[in-house]
Each structure stands twice: as structure tokens, then as C-alpha cells.
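Student: Have a look at this one before I ask anything.
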Amino acid sequence: MNLALIIIFTTIILSSFLGIYAGRKVKMNLENWTVGGRQFGIILIWLLMAGEIYTTFTFLGASGWAYSKGAPTFYILIYGALAYTVSFFILPALWKVGKRYGLHTQPDFFIKRYDSRYLGVLVALIGVVCIIPYLQLQLKGLGLIVQVASNGAVDPKVAIGISFVLTCAFVYTSGIKGTAWVAIVKDILMILAVFIVGIGVPHIYFGGFGKMFRKLIEQKPDFLVFPGAAPQMNVLWIMSTLLVMGLGFYMWPHVFGSAFSAKSAKIIKRNAIIMPFYQIPILLIFMVGFTALLVIPGLEDGDMAFLVLVNKTYPSWFMGFIGAAGAVTAMVPSAILVLFASTLLAKNVCQAGFKPQMSEEKVMALSRFMVLVIMVFALVFAIFFPNELVPLLIFGYNGVSQFFPGVVLGLFWKRVTKMGVLCGLVAGVTVVIILILSKNDPFLGMNAGFVGLAVNSFFAIVVSLMTKPSNGGFK
């Protein structure tokens, strides 16, 4: 177990120092801190965007759903592929306007396109509200992985605290470039872990994938047929969820902003083409969940399936490797989440909303300070109130998808107006909040986020046709 602990903490420390080292020769202004000087090539963009997407809950959540829900799990594969297809058409156009007008964040786009600082403030606030629970759950997942991987030898609060300090250090010093460099380590470790376990456990216990599936079908003949073990997740729920998550996938503020860091629009297109390869590891994680259901049935928490099966199957030092991979898999998305949340608050809430005369140097200084504030806030919730923000995470995915009409219409329809987008955004978010808080999600079998998106799009188009376009926009 000592060897496992050495592997975990050595990996965390070395990854953090790599992130700090990445920014050693870079003059850290707002441009370099948030979008890396718009100089990232295809490899860094690919690793960075995958680093944002594949988190600790790729280990825990995907295998947990495969273990406990069955067929509905496959929506994870589908919405990712749909999102990459959408990004091929949207992100290159977004990159071009970002380059032309010097945009750094998602609210920057709304401010410039609709000539409204206060629309930008609203988008920033919604974005931060959606990011905080996502960040908190990364920290919670990291603590859980390290605790199990160390066989209880390490308190999750200790692991969270150490990772918190080191993540703050490389985000503070190196910005998005540090995150991209650490993503290289993260992706290597994650892919190795997933391939070794995802291919290994079905062969160890059943002699291969085919025999594992035959055994699963014998024991649970309806498990891989919709709705599987989750009656409420019928075909209508699956279809509406696929649409809302596929369309809203790149509407997360940190993913949206990362598109600005590419060298060119062509790199963004190439990234959209190769990103589907990252769905293969997800499929292998499903295999772990299905195998766990047969080998260790009756787990109270399906999200523990991956870790419990690995702990049962492999020696303790390998659990150290899994813990190291899981820890870095939490640190990379945590870093990019806190970077963009801090920038949204400093630039798009404080400067745009209250102090337009604030210099770029002061915005940069405030952004760095907000890194500490946001991470402390997420740390406190992760340690002392681990379940309080779960409803907000549900709102998070449904909430960020409400940015989609404003972005797409802003890029491709000159007639869209500020008032139309504002009314649509407010209506969509309101519908989502009401449906979730009143426990009407799903609503008539549909995902609440999809219902909100439909209402949002209707108001955005109708109100735009009834109002005059603003004088702003992209020339």
C-alpha cells in the first residue's frame, strides 16, 4: 500500500510542477492566461478539450450507469458523437469571430454580438452557477478515488486539500497552457488505465467480451434493451436528452472558451473529426460496469463499480496507478473550470457590469485572485456539504444548453436581436428551474433541459422578428 501511495502522490506532484513549468517563459497577460495566445496546435487542442470532457465521473459515472441502469447508458456514446458533429460547423465560425474581435470568454461573444454588457453579465452569472457544482463534484470524485485506491489509508479530505493547492498553483502561474500540458499526462494515464481494465476484466472473469455479454443476457435478458433497469428513461427521454446534451455540449463556458486557443479554424475542424476516437475508452468503461454487475452484484452505489472491481482483481500497486490516473483526471477539468469561472467573474461581471474602465492588468489580477476564492468555495462544499449541490449539477447541463440559440443564431442569422436572445434565455432557464424544483423532470417523458431549449428557441426567434436588430454585432 505504501507503493500505491507513492505512485498517487508522486504523479499529482509531478503533474502540478509540469503545469507550473509550462508558463515559465510566457508573459502572463489576459490573452495568454485564458486562450494561450491562440497558438495551440491540433495535439494540444485535442488533449485540452478531451481533458475538459473526460473527468473523474468518466471513471465513476459511466461504469456506474452501466452497472445500475443498463441500456440507457449508451446515450453517453451517442451524445458525444452528436456534439462533435455540431462542433465541426459551429466552432470554426466561433473561432473566426473570436480572433477578429479578441474574444476570450463566452460572455465576450454575447457582449460583442448583441451590443449588451448586461446580457454578458447574465450569461457569465449563469455560467458560474453551472460551473461551481461541476468543480465541486470533481474534487469529491478525486477524494473518493484516492481513498479507495489507497484502501482507506488516505483520508479523502487530505487528497482533496493537496490537489487543491497544487491545482491553484499551476492555474495561477500558467493559465490554460499549464492545464494543456497536464492534460498530456492525464490522457496517457487515463487511456492506459481504461484499456488495461476495460479489456482485462472481461477476459479475466469470462474469457472475453462475447462470453461476458452472453452471461449478462442469460441473467438479465432485458438489461440491454431500453429502458433497461430505469423505467423512467424511455426512448422519448433518451432522444430529448441526446439533443439537449449534444447541442449544449460545447456551451459549457470552459469548453466554449477553449476553442479560442486554437491556431486556426482548420485545427478546430480537424479536432472535431478526431474527437470521436475518445468514445472508445467510454465503451471500455461500460465493459467494466457490465462485468462488475456479474462479478459483484448488489452494490449499494453503482458508481463504485469500477473501483471495487479493480480492487478485487488487481494488486494494490495497480490500484495506486488507478488512483494516480483518477487524481490527474480530476485536476485537469478542475483547473480549466476554475480558470474560466474566475475570468467570467473578473472580466464579464466586475469589469463589464460595474467598472468598464478597469484596465486589463487589473482584470488579470482579479482573475487570479478569484481562482483562490472559487477553489476555496468548491473545497468547502466538497468537504463539508458533499451532497448540497447535486441538484445544481442537474441544472448545470440543462442550464448551459440554454446558451445554444443565442450562439447559433448570433453566428448565422443577422436578424436575431438582443431582446430576442434575452427573452429566450430567461424563459428557457426559468422553465428548467421550475421543472427541476417541482420534480417534473422528466416532463411528459422529456428531459427538462430539452423543454427549456424548445421554449428558449421559440421566444428567441419570435421576439427577434418583432424587434429591431441592435447596432452591434459582427461586421
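The values are calculated or read from the model by the stated rules, or taken from the named source; none is laboratory data. As the structure is a prediction and not an experimental result, all values here were calculated from the model. Reconstructed Cβ throughout: ideal geometry from the backbone, glycine too, with neighbour counts over all protein chains shown.
Student: If we scan region 86-95, do we find a residue that is over 30 Å from ILE285 (Cβ atoms), aromatic (Phe, Trp, Tyr) and over 17 Å from the mean Cα position of the chain (by Cα)?
Tutor: yes
Student: Also: Do the conditions hold for MET251, that is, is it in contact (Cβ under 8 Å) with a residue 40 or more places away in the chain, over 19 Å from ALA62 (Cβ atoms) and in contact with a Ser or Thr (Cβ under 8 Å, 6 or more places away or on another chain)?
Tutor: yes
Student: A further question on this structure: Only residues that are out of contact with any Pro (no Cβ under 8 Å at 6 or more places or on another chain) and surrounded by 21 or more Cβ atoms within 10 Å (Cβ to Cβ): list them for region 291-301, please.
Tutor: First, the residues of region 291-301 that are out of contact with any Pro (no Cβ under 8 Å at 6 or more places or on another chain): 292-301.
Passing the criteria: ALA292, LEU293.
Student: While we're looking at this one, here's another question. Return the residues of region 115-144 that are polar (S, T, N, Q) and either at pLDDT 90 or above or surrounded by fewer than 23 Cβ atoms within 10 Å (Cβ to Cβ) (or both); say none if nothing qualifies.
Tutor: From region 115-144, those polar (S, T, N, Q) are 116, 136, 138; that's our starting set.
Selection gives SER116 alone.
Student: Same structure, new question: Residues of region 417-469 being under 17 Å from MET245 (Cα atoms) and in a loop (DSSP other than H, G, I, E, B), which ones?
Tutor: Listed by number, the residues that qualify are ASP441, PRO442, GLY445, ASN447.
Student: Would region 386-399 turn up any residue that is without any contact (Cβ under 8 Å) to a residue 24 or more places away in the chain, of a type outside the set (D, E, K, R) and over 25 Å from PHE89 (Cβ atoms)? Break it down into steps so the answer makes sense when it comes.
Tutor: Taking region 386-399 first, the residues without any contact (Cβ under 8 Å) to a residue 24 or more places away in the chain are 387-388.
Subset that is of a type outside the set (D, E, K, R): 387.
Those still in the list that are over 25 Å from PHE89 (Cβ atoms) too: 387.
Checked region 386-399: at least one residue is without any contact (Cβ under 8 Å) to a residue 24 or more places away in the chain, of a type outside the set (D, E, K, R) and over 25 Å from PHE89 (Cβ atoms).
Student: State all residues of region 196-238 that are in contact with a Pro (Cβ under 8 Å, 6 or more places away or on another chain) and not in a helix (DSSP H, G or I); if no residue qualifies, say none.
Tutor: Passing the criteria: GLY208, PHE226, PRO227, GLY228, ALA230, GLN232, MET233, ASN234.
Student: Got at least one residue in region 42-53 being surrounded by 17 or more Cβ atoms within 10 Å (Cβ to Cβ) and either touching a Gly at 6+ places or on another chain (Cβ under 6 Å) or over 28 Å from LEU411 (Cα atoms) (or both)?
Tutor: Among the residues of region 42-53, not one is surrounded by 17 or more Cβ atoms within 10 Å (Cβ to Cβ) and either touching a Gly at 6+ places or on another chain (Cβ under 6 Å) or over 28 Å from LEU411 (Cα atoms) (or both), which makes the answer no.
Student: Which pairs turn up if I take residues in region 21-42 that are under 18 Å from THR167 (Cβ atoms) and look for partners that are of a type in the set (Gly, Ala, Ser) and buried (at least 17 other Cβ atoms within 10 Å of the Cβ) with beta carbon separation below 6 Å, at least 6 apart in sequence or on another chain?
Tutor: The qualifying pairs are ALA22/SER174; ALA22/GLY178; GLY23/SER174; GLY23/GLY178; TRP33/GLY175; GLY36/SER261.
Student: Now a separate question. Hand me the list of helices (runs of 4 or more DSSP H) wholly inside region 1-69 holding 1 or more residues that are hydroxyl-bearing (Ser, Thr, Tyr).
Tutor: Values: elements: 2-22, 30-35, 42-53, 56-68.
Of the helices (runs of 4 or more DSSP H) lying wholly inside region 1-69, those with at least 1 residues that are hydroxyl-bearing (Ser, Thr, Tyr) span 2-22, 30-35, 56-68.
Student: Can you tell me which residue in region 164-187 is modelled with the lowest pLDDT, limited to those that are within 18 Å of the chain's Cα centre (by Cα) and of a type in the set (Ser, Thr, Tyr)?
Tutor: Out of the qualifying residues, it is THR167.
Student: Now for a different question. Only one of (1) touching a strand residue (DSSP E or B) at 6+ places or on another chain (Cβ under 9 Å); (2) surrounded by fewer than 17 Cβ atoms within 10 Å (Cβ to Cβ) is not met by TRP237, so which one is it?
Tutor: Result: TRP237 passes all but (2).
Student: A follow-up question, please. Looking at region 185-222, which of its residues are over 30 Å from LEU48 (Cβ atoms) and of a type in the set (Phe, Trp, Tyr)?
Tutor: Correct list: TYR205, PHE206, PHE209, PHE213.
Student: Mind checking which helices (runs of 4 or more DSSP H) fall wholly inside region 324-416 and carry at least 1 residues that are among the basic types (Lys, Arg) and modelled with pLDDT of 90 or more?
Tutor: Values: elements: 360-384, 390-400, 404-412.
In region 324-416, 360-384 are the helices (runs of 4 or more DSSP H) which contain 1 or more residues that are among the basic types (Lys, Arg) and modelled with pLDDT of 90 or more.
Student: Could you give me the residue pairs with C-beta distances under 6 Å whose first residue belongs to region 50-71 and is modelled with pLDDT of 80 or more, whose second residue is of a type outside the set (A, V, I, L, M, F, W, C) and in a loop (DSSP other than H, G, I, E, B) wherever it lies, and which are 6+ apart or on separate chains?
Tutor: LYS69/GLY228; GLY70/GLY228; ALA71/GLY228
Student: When residues of region 313-350 are filtered for being under 23 Å from PHE109 (Cα atoms) and out of contact with any Lys or Arg (no Cβ under 8 Å at 6 or more places or on another chain), how many remain?
Tutor: Of region 313-350, the ones under 23 Å from PHE109 (Cα atoms) are 333, 335-350.
Remaining after also requiring out of contact with any Lys or Arg (no Cβ under 8 Å at 6 or more places or on another chain): 333, 335-341, 343-350.
Residues meeting the conditions: 16.
Student: Got a sec? Which of LYS99, LYS112 is assigned to a helix (DSSP H, G or I), buried (at least 19 other Cβ atoms within 10 Å of the Cβ) and at negative phi?
Tutor: Details: LYS99 fails: buried (at least 19 other Cβ atoms within 10 Å of the Cβ).
Of the residues listed, the single one that is assigned to a helix (DSSP H, G or I), buried (at least 19 other Cβ atoms within 10 Å of the Cβ) and at negative phi is LYS112.
Student: All but one of (1) crowded, with 23+ Cβ neighbours inside 10 Å; (2) farther than 16 Å from VAL255 by Cβ hold for VAL154; state the number of the condition that does not hold.
Tutor: Condition (1) is where VAL154 drops out.
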